[in-house]
Every structure is written in C-alpha cells, then in structure tokens.
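First up is the structure itself, then whatever we jot down about it.
The values are calculated or read from the model by the stated rules, or taken from the named source; none is laboratory data. Source: prediction; values computed, not measured. Don't worry about glycine lacking a Cβ; one is built from the backbone with ideal geometry, like all the others, and counts go over all protein chains shown. Keep in mind that these areas ignore ligands, DNA and RNA; they rest on the heavy atoms of the full protein, side chains included. Shrake-Rupley method; radii C 1.70, N 1.55, O 1.52, S 1.80 Å.
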Amino acid sequence: MNDYATIHQPVLLERCVELVAPALDHDGAVAVDCTLGLAGHTIAFLKASPRARLIGIDRDAEALAMATERVRSEGLADRFTPVHAAFDAFSQVLDDVGVKRVDAVFMDLGLSSLQIDETERGFSYSHDAPLDMRMDVSQPLTAERVLAEYDEPALTRIFRTYGEERYARQIARRIVQRRDREPLRTSAQLSALVDEVIPQAHRPAGNPAKRVFQALRIEVNGELDKLASTLPQAANRLAVGGRLVVESYHSLEDKTVKTFMAQGLVADVPPGLPVIPPDAQPFFRDLTRGAVKADEGEIAHNPRSASVRLRGVELTRPIPQRWRRTFASAAEPRYYEGGR
C-alpha cells in the first residue's frame, strides 16, 4: 500500500478545515474539492463533516485513481464522488452528477506532491526529465512544444507575465537561437540555458530557472485562465451560507482570487451614496481578513507552504442577477496559446 503520508502533506490543513467545515454542518451538505490531488484536504473535510458528501475533481487521472483508493481505505467512499475533469468544467461536473447548489468549494492551486515528486513529469528543475509539465497527460501541448513552436514575442510574454522574469526577452531570444541546432527536450537543458543568460549579480534566491519553469507550467496547463473561469462558476453555484476557500502559491493566482472575491465584499453603489439599498449590499463576507500565510512552524514542517496565501469568503445572501450575469460571462471558455 502507498505511504501517502510521506509524499503528501496538505498545506494549512487545520485552517482549511476550520473555514470549510461550518458550511457542511447539516444534512445533505455538498462540498467540491476542485483540486483533489491525493485527497489530503478531502479526507479531512469528510471526517470533520460526517453529514456531508464531497465531489472531488482532478484532471490528473493517476492522482484521481490514487486519491479514490485512499478515500476508500479511510472508509469514506460512500460520501465521495471522484470526477476526472479540469476544474473549469465546474458547472458541467455539477450538472452531470445532478447537483444544483453546493455548500463549500475548495481549491488548492499548488502542484500536488505526486506531480512534484514524480521526476518524469518534468515539473521540477531539480531533476533532469523530459519537458512535459502536463497535469492532464492526455492533452497535446507540452512544455517541449511551447519551447519548440512559440516565437520570440510569445515566449517573452509568457516568461514576463507568468514568471515575472526580468530577463524574459533575453531568455526567449536565446531559446529561439538555439533550438534549431539543439532542440530543448529536458529540464537540465533548459536550466543550463537560463543559467547562461541571467547575470550572477541579478539572480533571485534559489535556482535562476524557477520563474521560467513556473511560467511554462502555467502556459501548458492554462492555469490562470482556468482559475479566472472557475471562480465565477463556483460563486454562482454556492448556496447562501456556502463558502469559497482558495489556497494560492504565487502572486498572479492570489491577485486573481483577491480581485474576484473583492467584487462581493463591497457595496455595489457609487461612492458617497448616503443610503445603501438592500439589493446593493455586499454578498460575500470575508472569512480570513486578507490572506492567511503559513507560520514558521508549518514552513519548517512543510517547506512547500512557504508561499501559500489562503483566502475565504461566505455567501451571505443571494447573488444579485446583475452579478450572476457578469459571473456567467466571465466563466465562458477562454482560448490561449496552443488552442486547448
């Protein structure tokens, strides 16, 4: 049997349970874990909420199978529904399983321990492996294809926008210059190329290629577009009293989450209006008062928690129709490089 405890340490687990469980303390409660991974958070939610059932979504078929087995071994399978999908198929998943409203939606946007630790997946710059980086290995676009097919401006945009890399243009140029005579196929090749480009005096802490790897992973998997599409779907399917809880791991994810939640945390009226009509009152309540970060103890125990930002809101009243229409529009599929 797999020793999941050695490969999977859920981030801020107790705090996540504290935020999610109160919404599940009633008969018929339904939660959705949009990023099932190896089910660490899911199992904790089900154990803390014995009257709830949970739908677990993951686009990684291997992780989904392992998580399902783990939930079964914990004796929780009768309250668990696994679904193989990307989380931006949120509304379709609920329709397919016959659920109209849910009481809690949870998202952990970090890479799963399985993806990081399986070196052949190519997510980590710490091990030499094929440049794959797909969370769903059935999709056609890989990091190798991005590096081989995107032109210099597109690569520059990816590295600058998704990796916040200062030397994005120089790295993109070097990739284009080199790839005709030496295709980039492995993480070691890419790491060495970035190492050549970034001056020693201007390197961030850690591996200088980490921003480039982050940018490629986001592009290959369409992570930010999927996140921006999923958040409004989740809000539109929350029951009153339901909670949306999200863990982010880099600034672009956290900005997307923060900006979305802020729409429901303020009154929808012009500045200075003396009386706020009932239908313009905020419809979210801030559960975390900003972002929760891991403390020194958690970081020492689980270094992957160092960059986490945890945010949560509760739906306090039905979302006004204007916002429901806005959210529905924002949830429309987005198309980005690679045609996925």
Would you confirm whether any residue within the stretch 307-329 is of a type in the set (D, E, K, R) and under 14 Å from the mean Cα position of the chain (by Cα)? yes
Just to be sure, is Arg53 open to solvent by 50 Å² or more (accessible area, probe 1.4 Å), charged (D, E, K, R) and in contact with a helix residue (DSSP H, G or I) (Cβ under 7 Å, 6 or more places away or on another chain)? yes
Which numbered condition in (1) over 18 Å from Val245 (Cα atoms); (2) at pLDDT 95 or above; (3) open to solvent by 30 Å² or more (accessible area, probe 1.4 Å) is the only one that Val83 fails? (3)
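Let's see how each residue does on (1) open to solvent by less than 10 Å² (accessible area, probe 1.4 Å); (2) among the basic types (Lys, Arg); (3) at pLDDT 95 or above:
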{"site": "His8", "(1), (2), (3)": "no, no, no"}
{"site": "Leu12", "(1), (2), (3)": "no, no, yes"}
{"site": "Arg15", "(1), (2), (3)": "no, yes, yes"}
{"site": "Leu19", "(1), (2), (3)": "yes, no, yes"}
{"site": "His26", "(1), (2), (3)": "no, no, yes"}
{"site": "Thr35", "(1), (2), (3)": "no, no, yes"}
{"site": "Thr42", "(1), (2), (3)": "yes, no, yes"}
{"site": "Leu46", "(1), (2), (3)": "yes, no, yes"}
{"site": "Ser49", "(1), (2), (3)": "yes, no, yes"}
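Inside the stretch 1-98, counting only helices (runs of 4 or more DSSP H) that do not spill past its ends, which hold 3 or more residues that are in contact (Cβ under 8 Å) with a residue 40 or more places away in the chain and small (Gly, Ala, Ser)?
Details: elements: 4-7, 13-20, 40-48, 61-73, 90-97.
The qualifying helices (runs of 4 or more DSSP H) are 61-73.
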Could you give every pair whose Cβ atoms fall below 7 Å, whose first residue belongs to the stretch 272-299 and is under 16 Å from Glu247 (Cβ atoms), and whose second residue is at pLDDT below 95 and surrounded by fewer than 16 Cβ atoms within 10 Å (Cβ to Cβ), counting only separations of at least 6 or pairs across chains? Ala294/Ala306; Ile299/Ala306
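Would you mind finding the one in Ala239, Ala209, Ala215, Ala188 that is touching a residue at least 40 places away in the same chain (Cβ under 8 Å), surrounded by fewer than 21 Cβ atoms within 10 Å (Cβ to Cβ) and within 23 Å of the chain's Cα centre (by Cα)? Step through it out loud before you land on a result.
Details: Ala209 fails: surrounded by fewer than 21 Cβ atoms within 10 Å (Cβ to Cβ); Ala215 fails: surrounded by fewer than 21 Cβ atoms within 10 Å (Cβ to Cβ); Ala188 fails: within 23 Å of the chain's Cα centre (by Cα).
Matching residue, one of Ala239, Ala209, Ala215, Ala188: Ala239.
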Within the bounds of the stretch 283-296, is there any residue that is hydroxyl-bearing (Ser, Thr, Tyr), buried (at least 23 other Cβ atoms within 10 Å of the Cβ) and touching a helix residue (DSSP H, G or I) at 6+ places or on another chain (Cβ under 9 Å)? no
Subset of the stretch 146-157, residues in a helix (DSSP H, G or I) and open to solvent by 80 Å² or more (accessible area, probe 1.4 Å), comes to Glu149, Pro153, Arg157
Residue check, Arg169 modelled with pLDDT of 95 or more and not polar (S, T, N, Q): yes
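Anything in the stretch 265-282 that is touching a helix residue (DSSP H, G or I) at 6+ places or on another chain (Cβ under 8 Å) and at pLDDT 80 or above? List them, or say none.
Applying the first criterion (touching a helix residue (DSSP H, G or I) at 6+ places or on another chain (Cβ under 8 Å)) to the stretch 265-282 yields 267-269.
Within the stretch 265-282, just Ala267 meets the criteria.
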